[in-house]
Amino acid sequence: MTDPAAFTGSVAAHRRLFRRVYLELENRIRIFASLPLTSLDSLSLQKKLDDIGRTTVDAEDDTATPVSPANFRGGDLTRQRPS
């Protein structure tokens, strides 16, 4: 994840980056909060956390729909563009 505080560029580009980082964090927190922590062993939990850490937001569409925590199974967790 890019550090928006270290970013240099136009005000508009800076705002877009802060928005993107916010959406990525929001999505990661939502997915984490939905994990069934009591039923995961430590290795499974670590894999889920690693998968969450790789989530991203579509750079071109920062208003995209987030990954649904209820459907989280790991793998590709990029936000999908709305249809």
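Worth pointing out:
- Test: residue in the range 30-39 that is outside any helix (DSSP H, G or I) and either of a type in the set (S, T, Y) or loosely packed, with under 14 Cβ neighbours inside 10 Å (or both): yes
- L23 being under 21 Å from T56 (Cβ atoms), in contact with a Pro (Cβ under 6 Å, 6 or more places away or on another chain) and surrounded by 14 or more Cβ atoms within 10 Å (Cβ to Cβ): no
- Residues that are surrounded by 12 or more Cβ atoms within 10 Å (Cβ to Cβ), closer than 15 Å to V57 by Cα and touching a residue at least 24 places away in the same chain (Cβ under 8 Å) do occur in the range 10-18.
Throughout, read-outs are computed from the coordinates displayed, never taken from laboratory work. Everything numeric in this text was worked out from a predicted model, so none of it was measured. Because the Cβ atoms are built from the backbone with ideal geometry, glycine has one as well, and the counts that use them run over all protein chains shown.
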